[in-house]
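Undergrad: Have a look at this one before I ask anything.
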Amino acid sequence: KATLKNEIIKRLVEADGKPISGQQLADEFGISRTAIWKHMKQLQEKGYDFETVKKRGYILTATPDTVDDAKITVALETEKFGHRIIYEESMTSTQTIAHNQAQDGASEGTIVICEEQTAGRGRMMREWKSTKGKGIWMSVIFRPEIPPYEAPQFTLVAAVALTKAIDDVTGVRPEIKWPNDLLIQGKKCTGILTELQADPDRVNAIIMGIGINVNHEQADFDEEIKDIATSLKIVSGKHIDRAALVARILYYLEIYSAQYVKEGFEPIKSEWESYSCTIGSRIRATTLQDVFIGKAIGITKDGVLELQLDDGTIKGIYSADITL
Ligand code: BT5
């Protein structure tokens, strides 16, 4: 079972270079030494490697460059987020799978994550490019007790959580472009897609899709997005441990989503504003019906973007694409 393998890896990481014998693992997990040996073999096939010290046991010497459940589990520091991980190397879209899981009753904090999406999507069925092994392509299930009209604020809350996690792990602080993009030096490194399962008056689940370009080189981006996209590696100059970043993201998502449900958006608003590159700028907001041009002067305590039009009137924008 995947979870037992995760526990074995966790145990070896915590041993911090000291060998643990097959017998000891067998005793701790209540299975035979042969069963342990089989798990070790399978882990080796997945890119984990061990040194075997005669008579004394296993030392973990290498882990794969993946976002598999074992790697994330080892790095987790949450109460419940990420405690259930659905991982496959390749998926159509983590959103689709997470929707099905949520419908089947998956609990809050369940995540769906993969190395590659073959049909990753953005808002309004736009395509989301998800290069294999380079990014974080993940969906997180929330079960907040909020009315459906508040759900867009969840995108803003997530943007703050993601910004802080990226800053912690890479030392690079992205800017938030209202409502759902994170930019670095004006280029998109992250997109957020907030989808709902709801009754008219009640949210059953929020399925939050998070796409982050992490270890892409410039050449990893397709022609269509090469001028508008960037990655954390390109800007930081460092290869990033994606699993560690996932764990940090889940840490902040757990904290901020709980705070939001308890206290609303107001206490998170000033932090959001301090990361925003939208506020104070002259922008063009394309909504489903219209185009508005003006100066973005702030967001309300409900997360609605306030645009001052050239005739001085203030227009509340609930959902739009922004060009700066
Ligand atoms: C978004 O949409 O920015 C939300 C993206 C959410 C992706 C995640 S990955 C895990 C989960 N599973 C999914 O299937 N989706 C979610 P939007 O604001 O509509 O932006 C889409 C636009 O961004 C596209 O039309 C492209 O111009 C551009 N784009 C596509 N792939 C990109 C990438 N990898 N990096 C930067 N920009 C990209």
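Undergrad: Taking N as the number of residues in the stretch 2-62, what is its alpha-carbon radius of gyration divided by 2.2 N^0.38 Å? All intermediate terms of the calculation are to be shown ahead of the outcome.
TA: Details: Rg = 10.2 Å, N = 61, 2.2 N^0.38 = 10.5 Å.
Ratio of Cα Rg to 2.2 N^0.38 Å: 0.97.
Undergrad: Using a 1.4 angstrom probe on the protein heavy atoms only, could you order ARG11, ARG33, ARG242, ARG84 from most to least accessible area?
TA: Details: ARG11 65, ARG33 145, ARG242 0, ARG84 110 Å².
Per-residue accessible area, sorted high to low, gives ARG33, ARG84, ARG11, ARG242.
Undergrad: Then there is this: List the GluC sites (Glu not before Pro) within the stretch 188-233 that fall in a DSSP loop (any state other than H, G, I, E or B) and whose Cβ has at most 12 other Cβ atoms within 10 Å. Provide the component values of the computation, followed by the final result.
TA: Working: sites: GLU195, GLU217, GLU223, GLU224; in loops: GLU217, GLU223, GLU224.
Counting only loop positions with at most 12 other Cβ atoms within 10 Å, the GluC sites (Glu not before Pro) in the stretch 188-233 are GLU217, GLU223, GLU224.
Undergrad: Along the stretch 85-101, what does the Karplus equation 6.51 cos²θ - 1.76 cosθ + 1.60 (θ = phi - 60°) give for ³J(HN,Hα), rounded to whole Hz, x for Gly and Pro?
TA: Along the stretch 85-101, the couplings run 10, 9, 10, 9, 4, 10, 9, 5, 8, 4, 4, 4, 5, 5, 4, 5, 4 Hz.
Undergrad: Let me ask something else about it. Who wins for biggest fluctuation among THR190, THR118, THR155 in a Gaussian network model of the chain, springs between alpha carbons below 10 Å?
TA: Taking springs between Cα atoms under 10 Å, the residue moving most is THR118.
Undergrad: Continuing with the same structure: Rounded to the nearest 10 Å², what accessible area does MET125 show when all protein chains are kept and the probe is 1.4 Å?
TA: Surface accessible to solvent at MET125 totals approximately 150 Å².
Undergrad: From Cα pairs below 8 angstrom and at least 6 apart in sequence, can you work out the relative contact order of the stretch 2-62, rounded to a whole percent?
TA: Numbers: 61 pairs, mean separation 22.4, N = 61.
Value for the stretch 2-62: 37 percent.
Undergrad: Just to make sure I understand: if all protein chains stay in place, what is the order of THR78, THR163, THR131 by accessible area at 1.4 Å, largest first? If you can, show how the numbers build up before the last one.
TA: On the way: THR78 20, THR163 0, THR131 40 Å².
From most exposed to least exposed: THR131, THR78, THR163.
Undergrad: Could you tell me how many degrees, from 0 to 90 and to the nearest 10, lie between the Cα long axis of helix 2-14 and the main elongation axis, the longest principal axis, of the Cα atoms of the chain?
TA: That works out to roughly 80 degrees.
Undergrad: Accessible area of the chain with a 1.4 Å probe: how many percent of it is carbon plus sulfur?
TA: On the way: 7190 of 15270 Å².
In the chain, the share of accessible area belonging to carbon and sulfur is 47 percent.
Undergrad: For TYR48, tell me the accessible area in Å² from a 1.4 Å probe, rounded to the nearest 10.
TA: 0
Undergrad: Just how many % of Cα pairs in the stretch 282-323 lie over 14 Å apart, if you round to the nearest whole percent?
TA: Numbers: 320 of 861 pairs.
It works out to 37 percent of all Cα pairs.
Undergrad: Could you order ILE20, ILE86, ILE228 by accessible surface area, starting with the largest, using a probe radius of 1.4 Å?
TA: Working: ILE20 5, ILE86 30, ILE228 105 Å².
Of ILE20, ILE86, ILE228, the descending order of accessible area is ILE228, ILE86, ILE20.
Undergrad: Using amide H atoms built 1.01 Å from N in the peptide plane, name the residues 5+ places from ARG121, or on other chains, whose amide H lies under 5 Å from its own.
TA: Under 5 Å from the amide H of ARG121: TRP128.
Undergrad: Sequence gap at least 6, Cα distance under 8 Å: using those rules, report the relative contact order of the chain to the nearest whole percent. Kindly include the intermediate steps, with their values, before the conclusion.
TA: Details: 646 pairs, mean separation 45.6, N = 324.
Averaging sequence separation for qualifying contacts and normalising by length gives 14 percent for the chain.
Undergrad: For the Cα atoms of the chain, what angle does the longest principal axis make with the long axis of helix 266-275, in degrees from 0 to 90, nearest 10?
TA: 90
Undergrad: Sticking with this structure for a sec: Report ³J(HN,Hα) in whole Hz for each residue of the stretch 319-324, in order, from the Karplus equation J = 6.51 cos²θ - 1.76 cosθ + 1.60 where θ = phi - 60°; Gly and Pro get x.
TA: 7, 5, 9, 10, 10, 8
Undergrad: A further question on this structure: Can you pick out the pairs among LYS46/LYS226; LYS80/LYS269; LYS177/LYS269; LYS188/LYS315; LYS46/LYS188; LYS71/LYS134 whose Cα atoms lie more than 20 Å from each other?
TA: Details: LYS46/LYS226 31 Å; LYS80/LYS269 25 Å; LYS177/LYS269 14 Å; LYS188/LYS315 26 Å; LYS46/LYS188 31 Å; LYS71/LYS134 15 Å.
Pairs exceeding 20 Å: LYS46/LYS226; LYS80/LYS269; LYS188/LYS315; LYS46/LYS188.
Undergrad: Let me ask you something else. Assuming a ≥ b ≥ c are the square roots of the Cα gyration tensor eigenvalues, decide whether the stretch 87-198 counts as rounded (a/c under 1.5), prolate (otherwise, with a/b larger than b/c) or oblate.
TA: Details: a/c = 1.64, a/b = 1.15, b/c = 1.42.
Cα axes put the stretch 87-198 in the oblate bin.
Undergrad: Also: Could you give the accessible area per residue of the stretch 2-62, probe 1.4 Å, as a whole number in Å²? Before the final figure, lay out the partial values.
TA: Values: 3760 Å² over 61 residues.
For the stretch 2-62, the solvent-accessible area averages 62 Å² per residue.
Undergrad: Restricting things to Cα coordinates, could you compute the convex hull volume per residue of the chain in Å³?
TA: 142
Undergrad: From the phi angles alone, apply the Karplus equation (6.51, -1.76, 1.60; θ = phi - 60°) to the stretch 47-63 and give each ³J(HN,Hα) in whole Hz, x where the residue is Gly or Pro.
TA: x, 7, 9, 9, 9, 10, 8, 3, 6, 9, x, 9, 10, 6, 10, 7, 10
The values are calculated or read from the model by the stated rules, or taken from the named source; none is laboratory data. Predicted model only: the values in this text are computed from it and were never measured. Positions of Cβ are backbone-derived with ideal geometry, glycine not excepted, and every protein chain shown enters the neighbour counts. All accessible areas refer to the heavy atoms of the entire protein, side chains included, with ligands and DNA or RNA removed. Shrake-Rupley method; radii C 1.70, N 1.55, O 1.52, S 1.80 Å.
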